[in-house]
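Read-outs: derived from the displayed coordinates by stated rules, not from any lab. These figures come from a predicted structure and were not determined experimentally. All Cβ positions, even for glycine, are placed from backbone atoms using ideal geometry, and neighbour counts span all protein chains on display.
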Amino acid sequence: MRTAKNGNGHGNGQSETATALINLTDGRSVRLGGFDSGRNGLTRSRPAAHSLPQETQFEVLADGTLIDLVRENSGDLGFVLYRNGATTFDRTFQNRGVAFVPPRVHRSFVDAVRWPKSLGTRETPTALLREIDDVLCTYVDLDKSDRKLVAYFALYTWLNDLLHVAPYLWIVGPYSSGKSTLLRLLSAICRRSIIAGDISPAALYTLSTDLRPTLLLDEFEPGADAQSRVLQRLLRNGSSMGQRVFRGSRAFNVFGPKAIASRQGAGDAALASRGLVVVSRPSVRALSVLDPNALAEIEDQLQPKLLAFRLENFRRAKPVTLASSRLTPRTLDIVRALAIPFLGDPELERELLEIIKPHDAQATTDRHDEPEWVVMTALLRKIHRRGAGSALLTVKELTSDVEYQLAEAGESYHLKPRKVGEVLRSLGFPTQRLGSLGRGLRVSRTLVRSIHVTAKNLGICRADTYIPEDSDEAFGGTFEECERNGFGGTCPDCEEVGLLLDNK
């Protein structure tokens with residue numbers, strides 16, 4: 001196996017036998033790798049003598065200069081240089097003894113990504129969103145709120161590297177509902193988009209590190225095989241900046257926005273919580289046909305303007321606070337990311353918040369199916385229903401309540417005592433040996449208080465613990481009363497912590 005050498009004679013971590021593979025929706029397969037001193041269709045300029053070469057896909061220099069990738073008329077990658085409103089184009093850029101050069105990627109991969117071919121006029125966020133919305137209306141049939149979310153996502157991709165969170169867009173719907181058409185539209189609008197019908201884990205971390213594209217993944221239906229599990233884990237990691245994937249001698253960065261089309265969605269609660277869902281339905285409305293010429297026209301119309309928008313506003317855009325929005329933390333992160341391109345426009349921010357509220361409510365409901373939420377709810381119910389003198393709570397006893405709760409909710413999965421113990425530990429309640437009773441918790445005043453606080457932090461309220469078999473007395477009681485007579489009356493911990501109200 002030979003390792004590729006870069007301009008200063010050092011290996012770049014890519015080997016000629018690399019098997020990173022992307023299957024594009026047009027039937028072509030792109031194999032990343034085969035790097036061999038500028039051959040095999042690579043796009044790279046040689047740096048000037050006596051300078052240290054540094055590959056980059058984007059750079060902000062100390063003097064405010066922005067260096068971003070574009071594709072030249074020759075098909076090779078080059079740079080657009082932006083400073084104080086002035087732009088120039090070049091194959092390399094020298095700065096303080098460093099020669100910035102485009103990353104070495106295979107030419108077939110460059111062909112698969114959409115690149116701005118020029119620099120357009122400067123537009124406001126409102127004007128760009130209106131143009132994107134007009135395009136979406138012409139070719140796909142979405143609810144108005146979903147169409148706006150798609151437009152917000154597309155504009156956000158042009159400033160996606162300003163925040164530590166990259167929201168995903170899940171496009172769900174049955175076959176022949178327009179999901180693929182919507183992905184093709186996004187490929188002409190989003191920054192450095194690449195649309196793929198299938199992708200290997202190796203290709204995902206390689207292309208994300210080298211070019212930071214917007215990945216558009218069609219017909220994503222993960223299975224139970226090992227590769228599907230690895231891909232799902234990589235997608236979960238890719239929504240947060242700073243997480244690295246280590247393979248061999250390289251650290252890869254899989255961070256970046258992704259739009260994923262699927263019939264039912266993520267199929268994974270943790271992965272689903274990292275994005276927003278829009279629904280694509282079969283339409284009876286007469287829609288224009290999105291042929292290659294129409295797609296090229298959309299690309300030529302929008303990409304130059306969006307590149308100009310990025311260069312002009314990259315150093316001006318600031319994260320929004322939205323402290324009083326009363327959204328769950330993960331949804332709030334998504335909103336802050338989508339709102340960055342608004343440049344502080346209060347009307348656009350209000351509109352986004354109104355559209356996002358139903359998604360936040362759904363995300364909260366979805367969390368009720370997660371093992372952590374189920375175990376925490378059962379634990380909170382259990383400490384309020386303990387009989388007098390019950391100073392011990394076994395994992396086996398708690399598991400019985402957890403299984404009942406899952407059955408009542410219509411869930412098909414089960415949690416065994418060992419798994420319940422692991423969840424308790426992850427929530428900050430490590431179990432201990434209780435003699436012949438097995439493992440469990442020793443109930444104390446401190447533990448009861450901690451359970452209440454943790455439940456509140458998870459967004460649980462006392463109403464979430466109610467089941468029809470509960471009596472009115474089971475909904476109250478102090479710790480001292482429990483020690484004497486069992487629970488009855490009103491629980492002061494619930495009152496003080498705020499569990500008698502919902503998380504809003």
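In this structure the amide hydrogen of residue 55, modeled in the peptide plane, comes within under 5 Å of the amide hydrogens of 101, none closer than 5 places in sequence on its chain.
Between the stretch 99-122 and the stretch 176-228, what's the alpha-carbon centroid distance in Å? Answer, in whole Å: 18.
Exceedance of the 31 Å cut-off in Cα-Cα distance is limited, within the set 148/456; 144/305; 357/456; 179/416, to 148/456; 179/416.
Annotation: amide H-H contacts under 5 Å for residue 277 (H modelled 1.01 Å from N, sequence separation of 5 or more, or interchain): 170. For the listed peptides 117-129, 96-108, a ranking on the average number of other beta carbons within 10 Å per residue, highest first, reads 96-108, 117-129. Report note on the peptides 190-203, 245-258, 340-353: ranked by the mean count of other C-beta atoms within 10 Å, highest first, their order is 190-203, 245-258, 340-353. Listed from fewest to most Cβ neighbours within 10 Å, the set 450, 426, 436, 262 follows the order 436, 426, 450, 262. In order along the stretch 187-197, the phi-based Karplus estimate (6.51 cos²θ - 1.76 cosθ + 1.60, θ = phi - 60°) of 3J(HN,Hα) comes to 5, 8, 10, 6, 6, 6, 7, 9, 9, 10, x Hz; Gly and Pro are listed as x.
Once Rg and the Kirkwood radius are both taken over the C-alpha atoms of the stretch 96-164, their ratio Rg/Rh works out to 1.09. From least to most packed, judged by other beta carbons within 10 angstrom and beginning with the fewest, 158, 115 follow the order 115, 158.
Sorted from fewest to most neighbouring beta carbons within 10 Å, what does the list 376, 241 look like?
On the way: 376 24, 241 15.
Exposure proxy ranking, most exposed first: 241, 376.
Close amide H pairs (under 5 Å, H built 1.01 Å from N) link residue 70 with 78, 79, 80, residues at least 5 positions away or on another chain.
A Cβ-based charge dipole, computed about the Cα centre of the stretch 174-219 with Lys and Arg at +1 and Asp and Glu at -1, lands at about 240 debye.
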